[in-house]
Structure formats: structure tokens, C-alpha cells
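No value in this document is a laboratory result; all are computed from the given coordinates. Predicted, not measured: the structure shown is a model, and the values here were computed from it. Cβ atoms come from the backbone with ideal geometry, glycine included; neighbour counts cover every protein chain shown.
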Amino acid sequence: MIETRLGEFEEVILLLVGILGEDAYAFRVAGEFESQAGRAVSIGAVHSTLTRLEEKGFVNSKMGEATAERGGRRKRIYTITAYGRKVLAEARDFRISLWKQFPGFATLKGLQKSLS
């Protein structure tokens, strides 16, 4: 049976695929992760995560056109599936539900107070 849950790193990578749109290929996803998260990630971790997301049905991939900048090599472009969007929405809703239950963070006023 294929695992259908979304791990934290998978969630971030899936979100980055959505953010990058037609530029969502492994090297670009890794660069965007480093830029957004402020920490390094190996290209191997990104590749294996994208493969796992595709196996779970959260993304599809296709080979892009060869480009001179890549020495004539093609890159694999990833796009989120409808199922991937559904899983992301469920993950977001679950996290929001938990944050609403956290004392002191349940309201904007509580959040502002805790940050002071």
C-alpha cells in the first residue's frame, strides 16, 4: 500500500513546487528551499522527496526541453496534482486547528502578546 501522509519536509517541497510553477525542477526547488528556509539542503534529498511525492500521486513530472544553459540536457519539471492540492489543504487546516488550540496563540491578540 502506498503511504499517503505528508511529512513536514515533503509538505515544504510540495509547497515550493506550487510556488515555482513551470520552474519547479529539482535544482531550482533546492535553491528556493535554501533561500526561503535559510538552511542548506542536498540535491539528493530534494530528488528523493520529489520521487516520493510522485509515487504518492501528489505531483506529476515531465521532461522539459533541452537548453543550452544545461549543456543540451533536459530537466524534469514537476507540477502539483489535484490530489496534492487536497493533501496540502488538509495539512494546512490541521496545523491551523492545532495553532488555534495552543493557549496564547489562539487569537491574534494572544499571538501579539506572546511576541512582546
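Take the conditions under 18 Å from ILE77 (Cα atoms), in contact (Cβ under 8 Å) with a residue 12 or more places away in the chain and within 12 Å of the chain's Cα centre (by Cα) and apply them to LEU6. Does it pass?
So LEU6 does not fit the description; no.
Would you point out the residue of region 20-67, among those that are of a type in the set (S, T, N, Q) and touching a strand residue (DSSP E or B) at 6+ places or on another chain (Cβ under 6 Å), that is farthest from THR81 (Cα to Cα)?
The selected residue is SER61.
State which residue is surrounded by the most Cβ atoms within 10 Å (Cβ to Cβ) when the search covers only region 12-67 and only residues that are without any contact (Cβ under 8 Å) to a residue 40 or more places away in the chain and of a type in the set (Val, Ile, Thr).
Checking each candidate, the answer is VAL46.
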